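J.: Just passing along the structure, written as structure tokens.
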Amino acid sequence: MPSRRERFERISREARESTNKALIEDISALTVLTDQQIERLMPTKADKEQFSRLMAIVAAGTDDNTKVAALKQNLDDVGGVLVKVLKILL
């Protein structure tokens, strides 16, 4: 019989995997990226959350200058994932 610790670790792992899968499915439904591309480019939950923040800025109903200003303000947070996504365009 698994210990309490092992059961909590299993619960934690399953929750993490479920959340990660849901993020991948949501992102692929809203973009041209496939599930496989998302998993390869953004392997961590943090990467996917950064990508979501980036896409929220880009998809905002504001003019391009406002989007550029928002990107500048958030570049430290979304810059890494921005570079990864742009690399697939090369």
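The values are calculated or read from the model by the stated rules, or taken from the named source; none is laboratory data. This one's a predicted model, so the numbers in the text were calculated from it and none came from an experiment. Here the Cβ is made from the backbone with ideal geometry for all residues, glycine too, and neighbour counts use every protein chain on show.
J.: Which residues, counting only those in the range 42-90, are at pLDDT below 90, loosely packed, with under 11 Cβ neighbours inside 10 Å and either basic (K, R) or closer than 17 Å to T31 by Cα (or both)?
T.: Once the filter is applied, which keeps residues that are at pLDDT below 90, loosely packed, with under 11 Cβ neighbours inside 10 Å and either basic (K, R) or closer than 17 Å to T31 by Cα (or both), the range 42-90 yields L86, K87, L89.
J.: Ok, one more. Among (1) modelled with pLDDT under 90; (2) under 20 Å from L89 (Cβ atoms); (3) not β-branched (V, I, T), there is one condition K21 misses while meeting the rest; what is its number?
T.: Unmet condition: (2).
J.: Which condition number does V81 fail, the rest of (1) over 26 Å from A22 (Cβ atoms); (2) of a type in the set (A, V, I, L, M); (3) in contact with a Phe, Trp or Tyr (Cβ under 7 Å, 6 or more places away or on another chain) being met?
T.: Checking V81 against (1) over 26 Å from A22 (Cβ atoms); (2) of a type in the set (A, V, I, L, M); (3) in contact with a Phe, Trp or Tyr (Cβ under 7 Å, 6 or more places away or on another chain), the one that fails is (1).
J.: Please specify each residue of the range 5-30 satisfying the condition of being surrounded by 13 or more Cβ atoms within 10 Å (Cβ to Cβ) and touching a helix residue (DSSP H, G or I) at 6+ places or on another chain (Cβ under 7 Å). Working first, answer last.
T.: Within the range 5-30, the first condition is being surrounded by 13 or more Cβ atoms within 10 Å (Cβ to Cβ), and the residues that meet it are 20, 23-24, 26-28.
Listed by number, the residues that qualify are N20, L23, I24, I27, S28.
J.: Is there any pair with a first residue in the range 42-58 that is in contact (Cβ under 8 Å) with a residue 40 or more places away in the chain and under 11 Å from L23 (Cα atoms) and a second that is part of a helix (DSSP H, G or I) and of a type in the set (A, V, I, L, M, F, W, C) whose Cβ atoms are under 9 Å apart and which are 6 or more apart or on different chains, and what are they?
T.: These pairs meet every condition: M42/L23; M42/I24; M42/I27; M42/F51; M42/V81; M42/V85.
J.: While we're here: Only one of E6, E49, E39 is more than 25 Å from G79 (Cβ to Cβ) and out of contact with any Gly (no Cβ under 6 Å at 6 or more places or on another chain); which?
T.: Working: E49 fails: more than 25 Å from G79 (Cβ to Cβ); E39 fails: more than 25 Å from G79 (Cβ to Cβ).
Answer to the check: E6.
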